[in-house]
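Quick notes on the structure that follows.
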Amino acid sequence: MNTQNLAYSDEVAKATAPIFDKLSKQIEKERWESIAPYIFEINRLKKEKNAVILAHNYMTPDIFFGVGDVVGDSLMLAQRAAQSDADIIVQCGVHFMAETSKILCPDKKVLMPDLNAGCSLAESITASDVRKLKEKHPNIPVVTYVNTSAEVKAESDICCTSSNALKIINALGAQGHDKVIMTPDMYLAQNVAAQTDVKVIIWEGSCIVHERFTPQDIIDARKTYDDIVVLAHPECPPDVMAEADYSGSTAQMDNYIKEKQPARAMLMTECSMSDNIAAANPDVEMIGTCQICPFMKRITLPKILKALQNEDPEIIIDPEISARAKVAVDKMLELS
Ligand code: 13P
Ligand code: SF4
């Protein structure tokens, strides 16, 4: 990697000062001096190459606040990828998110700073599994969570994210479907099934991060802080959701905190999300438990810089699979 521009110069200090102001409670000055040159150089290269960085809410604060042009949940990142006029998209998140961007923008170069940033849900189901499900349950629409490979999306009728899953199942219900197949997250499917009259056939995948939370985590936190507001991602098990005050996608949880400004909040989700919310909402005290997603944490500033410099690793999808997957993603976007 070309490291000639990575000194903490006065120019770098000045340009990155507003970002450090926001993160000074989370990042010590000494560490900042090694981070800031990456932020500066990534932002310079983005302009030079007409690149945009789409950063998921689970990115660490240095990425989220330092270099992310669009930050949000899976749905928002997909929507903004579809609208982007950049030549290059750098996806800071996990592999399925980069694939979704490539499906929506086949003519753009989509870079993924680490191709091994996977997802336990995406790994839990293959295209062949979906074909077997369709044989077993003919004429029942397959609703597939975006946390899946392009091949799995290509076999599905419509995609969903955590923010629109219920809306999409209800829309299918309104079209006369009394049953749907929902893959691959069993907990998201169970949580949606509890809120609709449509019967949901479930695939037994799970998120290795959200499945670790327990109702006891919430009960214990409430013993210490009786005013705490607990927000849970719908990939959490139903017994956790039952103890929480609010459930939503990462962006919906973020909006809830922004709007309501509770004195104390606890998020049953990935750790960086709490860090980013704490930095953006200094009057809200973020409490307690969180879990790290090892896949999301594979994305780092040095890897982002390297990807932009080398324009590699690039996401490539078989055009026939991509076109079929796009039908399912587009249907979701139309309904969102
Ligand atoms: P969101 O769509 O809520 O951002 O969730 C994506 C994800 O991977 C959560 O684990
Ligand atoms: Fe996948 Fe869970 Fe990580 Fe989200 S948090 S990317 S669902 S493993």
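The values are calculated or read from the model by the stated rules, or taken from the named source; none is laboratory data. All of these numbers come straight from a predicted model, not from anything done at the bench. Cβ coordinates were reconstructed from backbone atoms using ideal geometry, including for glycine residues, and neighbour counts include every protein chain displayed. The protein model used for the area step is the full one, side chains on, heavy atoms only, and it has no ligands, DNA or RNA in it. Shrake-Rupley method; radii C 1.70, N 1.55, O 1.52, S 1.80 Å.
Below are the figures for this structure:
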| read-out | value |
| --- | --- |
| Selected residue (criterion: modelled with the lowest pLDDT) from residues of segment 64-109 that are polar (S, T, N, Q) and touching a strand residue (DSSP E or B) at 6+ places or on another chain (Cβ under 6 Å) | Ser84 |
| Residue list for segment 29-43, restricted to those being charged (D, E, K, R) and either without any contact (Cβ under 8 Å) to a residue 24 or more places away in the chain or open to solvent by less than 70 Å² (accessible area, probe 1.4 Å) (or both) | Lys29, Glu30, Arg31, Glu41 |
| From the options Ala280, Ala251, Ala265, Ala242, residue that is of a type in the set (A, V, I, L, M, F, W, C), at pLDDT 95 or above and open to solvent by 60 Å² or more (accessible area, probe 1.4 Å) | Ala242 |
| Evaluation of Met273 against (1) crowded, with 18+ Cβ neighbours inside 10 Å; (2) away from ligand 1 (no atom under 15 Å from the Cβ) (one fails), failing number | (2) |
| Test set (1) of a type in the set (A, V, I, L, M, F, W, C); (2) touching a helix residue (DSSP H, G or I) at 6+ places or on another chain (Cβ under 9 Å); (3) more than 26 Å from Cys293 (Cα to Cα) - Leu133 fails condition number | (2) |
| Criterion violated by Leu166 - all others in (1) aliphatic (A, V, I, L, M); (2) under 17 Å from the mean Cα position of the chain (by Cα); (3) within 15 Å of ligand 1 (Cβ to nearest atom); (4) open to solvent by 40 Å² or more (accessible area, probe 1.4 Å) satisfied | (2) |
| Any pair with Cβ under 9 angstrom, 6 or more apart, that starts in segment 289-305 at a residue that is farther than 16 Å from Leu45 by Cβ and free of Cβ contacts under 8 Å to residues at least 60 places away in the same chain and ends at one that is more than 9 Å from ligand 2 (Cβ to nearest atom) and open to solvent by 40 Å² or more (accessible area, probe 1.4 Å) | Cys290/Asp275 |
| Residue, farthest from the chain's Cα centre (by Cα), within segment 90-113, restricted to residues that are within 16 Å of ligand 1 (Cβ to nearest atom) and outside any helix (DSSP H, G or I) | Met112 |
| All positions within segment 56-82 that are away from ligand 2 (no atom under 16 Å from the Cβ), closer than 14 Å to Ile277 by Cβ and open to solvent by less than 40 Å² (accessible area, probe 1.4 Å) | Pro61 |
| Residue selected from segment 290-316 under the condition out of contact with any Ser or Thr (no Cβ under 9 Å at 6 or more places or on another chain) and within 16 Å of ligand 2 (Cβ to nearest atom), by the criterion nearest to Pro262 (Cα to Cα) | Pro294 |
| Tabulated pairs, segment 14-28, first in contact (Cβ under 8 Å) with a residue 12 or more places away in the chain and open to solvent by 40 Å² or more (accessible area, probe 1.4 Å), second part of a loop (DSSP other than H, G, I, E, B) and of a type in the set (A, V, I, L, M), C-beta under 6 angstrom, 6+ apart or interchain | none |
| Neighbours by Cβ (under 9 Å, 6+ apart or cross-chain): first from segment 207-231, closer than 22 Å to Val284 by Cβ and open to solvent by 10 Å² or more (accessible area, probe 1.4 Å); second of a type in the set (Val, Ile, Thr) and in a helix (DSSP H, G or I) | Asp217/Val240; Val229/Ile257 |
| Matching residues in segment 134-154 - criterion: being open to solvent by 20 Å² or more (accessible area, probe 1.4 Å) and either out of contact with any Phe, Trp or Tyr (no Cβ under 8 Å at 6 or more places or on another chain) or more than 15 Å from ligand 1 (Cβ to nearest atom) (or both) | Lys134, Glu135, Lys136, His137, Pro138, Asn139, Ile140, Glu151 |
| Looking only at segment 283-326, and only at residues there that are under 18 Å from Glu155 (Cα atoms) and either under 21 Å from the mean Cα position of the chain (by Cα) or within 16 Å of ligand 1 (Cβ to nearest atom) (or both), the one that is most open to solvent (accessible area, probe 1.4 Å) | Lys326 |
| Filter result (of a type in the set (A, V, I, L, M) and either at positive phi or more than 11 Å from ligand 1 (Cβ to nearest atom) (or both)) within segment 249-267 | Ile257, Ala263, Ala265, Met266, Leu267 |
| Flag for Cys236 being assigned to a loop (DSSP other than H, G, I, E, B), among the hydrophobic types (A, V, I, L, M, F, W, C), under 26 Å from Leu77 (Cβ atoms) and open to solvent by less than 10 Å² (accessible area, probe 1.4 Å) | yes |
| Residue in segment 236-253 that is touching a residue at least 40 places away in the same chain (Cβ under 8 Å) and acidic (Asp, Glu) present | no |
